[in-house]
């Protein structure tokens, strides 16, 4: 036993000396589908429709990625994950990319051996209370019972917020959105806290949404983005630049409708993005029309936003921080050159 | 066949297989080497895979700040405490629900098991229905069902508010049963509480001593004393007198505030749901064990006891059950272990047991799956071994001592 352990330790050291690069792109191509981890059910972000086909803001990103690799946005398998299982599923290799409105933090990026490949939604944490309680500010929530999803940054932010303001609270731990809905609507907790976009999405599904208000305080920064594992730079590049392609498409005015027409454009940036000039795709193992296919799936970033969570949808979220940088928002894609 | 070889044969290596004296030894050595190789390979594989993922194996995370709050903690805990303390909070919560569950399950099980053997047809069938229903549905569904029932039946704290309140507190405005949990009056220990505690301890000693005295008196002279009432008086009266004199223990009563009741003691509905679901589920199994134990005692015993003039209830408690315990206790140990391990389902109702803190939130926030899993499995193993050791001690003490 001792000899085996010593030998094993030496072998482990030898392995650690060389960096392991798992070629995720080759695995995905060989398999023929992209495995994408999503929220088990959050209206607007990731939910199966009545035919069982997954739709939503995060789902659209995965579909764009699948289209970039295979040219077909249906070649993707969605794995619903809870807050407890999402990172383990990614790190263990069960899924190739996690697009589950996960906040980009230091420890997740560094300690948990994952890479955030961008931010697809700049969000913040808020509180939702029933109007009947007569609460108008989060600072009035002293001694309240608050429904909170375990294993999230929300949990840690909540503890910090209440400590900073000298208040106390009772956490009611829940695992999924469905459980939150049951407890919150049943009156088992006074307030529900999660990202403001999640609150809007949840409220849109309640039987009487107007009886609930989202309090004005946003108590944290929650940059939400897709995640991949450490150790595969090529795969991270593919994921990162697919997201950038969607953002850049909106900046350049490329929509799903005018894609073909834009292929004939004289704008050099447009030509490079759509693969007419240069061969950006070959640089990371994809075909040259990778961005064309990605945009053809569900449109550019703005179109995806408007179709899933924008104004006019049940979630009814304004662009706010998620507008293009030219419009005063934070979305800024590096150039395709 | 003698053990000593009477013929002086030189040792040959083929004797290791063909000679029955050495064969079993050879097979055991080979098996041992195979098992050790297998475990060595697993450890080697794990180390290699962890290195490939770039993860290290260390328990340093236990000393880091936890950062999250736990709703029920038996020891002081805040979000500044370490992950190790959060794990201890979880362990204590597991032990609490396991102890409560085991005690309640035993009581329910004995009660229902005896009832099922009742000559009253209706009572017997009702007990049978209880056992069959609760045994055959998975315990997770019972936990969720009880949680849903509690959430739906009991009113929200807001219903207690205002002039047209739809709910009211019980026991003279001291107890509130809500859909968040039970708010109870809790004793507050004022100055001089140690005196009452000492008097209570002395009362317990007096009760025990009186019990032995009454038993010895009955053995010697055959005359009995009304032990129940005397013991009750010995236990309660001195403590009450001391409290009346010093007023050291006051009651903190829950009062409705803006969101909830504040003050007093609070039993979360997740604890109640988990406790009763586990107790009812395991109680059904215990009932069957008790019934089989009672049926294992030969009929001659109860017939002889009846011939001596004992009434049916005394036959059961003095003659049948003590003998049945020898058959009941070993499977009962298994049921206690099952209940303790089933309590790991607590996270579905939001109860902070060790699986929820160490194996849930801590594992999630720090990403240390392997270390947390090993710690949790070690804890459950330790608890199970402890429970079975204690129960086996009791078992050995009541075992039939062979001549």
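Only the coordinates and a few stated rules stand behind these numbers; no lab work does. Remember, it's a predicted structure, so these values are computed and weren't measured experimentally. Here Cβ is always computed from backbone atoms with ideal geometry, including for glycine, and neighbour counts include all displayed protein chains.
For this structure, a couple of remarks:
- A crude spin-label estimate for the pair residue B:175 and residue A:168, with each label 7 Å from Cα along the Cβ direction, gives 2.5 nm.
- Fewest-first ordering of A:303, A:94, B:402, A:177 by other beta carbons within 10 Å of each residue's beta carbon gives B:402, A:94, A:303, A:177.
- Distance between the range A:121-145 and the range B:111-131 - C-alpha centres, whole angstrom: 52 Å
- Computed over chain B: relative contact order in percent, which uses C-alpha pairs under 8 Å that are six or more apart: 21 percent
- Here the calculated FRET efficiency for residue A:75 and residue A:261, from their Cβ-Cβ distance with R0 = 25 Å, stands at 0.40, rounded to the nearest 0.05.
- Prolate/oblate/rounded label for the range B:328-380 (Cα gyration tensor, a/c 1.5): oblate
- Based on Cα contacts under 8 Å between residues 6+ apart, chain A shows a relative contact order of 22 percent.
- Chain B: most fluctuating residue of B:314, B:223, B:299 per GNM, C-alpha cutoff 10 Å: B:223
- The label-point distance for residue B:220 and residue B:188, in a model that sets each label 7 Å from Cα toward Cβ, rounds to 5.0 nm.
- Pairwise centroid distance, computed over Cα atoms, of the range A:213-238 with the range A:270-337, Å: 17 Å
- Within 10 Å of each Cβ in B:180-189, the average number of Cβ atoms from other chains: 1
- Residue order, fewest to most surrounding Cβ atoms within 10 angstrom, among B:375, B:117: B:117, B:375
- Least to most buried among A:332, B:380 (fewest other Cβ within 10 Å first): A:332, B:380
- The distance between label points at residue A:204 and residue B:56 comes to 4.4 nm (points 7 Å beyond Cα on the Cα→Cβ vector).
- Computed extension length for residue B:402-residue B:240: 53.4 nm, one decimal, from 0.36 nm per residue of separation with the Cα-Cα distance subtracted.
- The helix-only estimate of mean residue ellipticity at 222 nm for the protein assembly as shown, built from DSSP H runs of length n ≥ 4 each weighted as -39500 (n - 2.57), is -16500 deg cm²/dmol after division by the residue total.
- Neighbouring partner chain Cβ atoms per residue of B:47-59, average, 10 Å criterion: 5
- By the Cα gyration tensor, the range A:242-315 has an equivalent ellipsoid whose semi-axes, rounded to whole angstrom, run 24, 13, 9 from largest to smallest.
- Peptides A:287-297, B:21-31 ranked from most to least packed give A:287-297, B:21-31, packing being the mean of other C-beta atoms within 10 angstrom over each peptide's residues.
- When chain A is treated as a GNM with alpha-carbon contacts under 10 Å, the residue of A:50, A:149, A:125 showing the greatest mean-square fluctuation is A:50.
- Rg(Cα)/(2.2 N^0.38 Å) for the range A:125-220, N = residue count: 0.96
- Evaluated at q = 0.12 Å⁻¹, a Debye calculation over the C-alpha positions of chain B (equal weights, vacuum) places log10 I(q)/I(0) at -1.28.
- Shape class for the range B:40-182, computed from the alpha carbon gyration tensor (a ≥ b ≥ c): oblate, with a/c not under 1.5 and a/b at or below b/c.
- Kirkwood Rh in Å, taken over all unlike Cα pairs in chain A: 21.3 Å
- At q = 0.12 Å⁻¹, base-10 log of I(q)/I(0) for the protein assembly as shown (Debye sum, equal scatterers on each alpha carbon): -1.41
- Note on B:256-266: average number of Cβ atoms from other chains within 10 Å of each residue's Cβ is 3.
- Note on residue B:308/residue B:121: beta-carbon distance plugged into 1/(1 + (r/R0)^6) with R0 of 41 Å gives a FRET efficiency of 0.90.
- Taking every C-alpha pair closer than 8 Å and separated by at least 6 residues, the mean separation divided by the residue count of the range B:1-135 gives a relative contact order of 10 percent.
- Highest GNM mean-square fluctuation among B:61, B:111, B:213, for chain B modelled with Cα contacts below 10 Å: B:213.
- Put the Cα centre of the range A:59-116 next to the Cα centre of the range B:366-393 and the gap is 33 Å.
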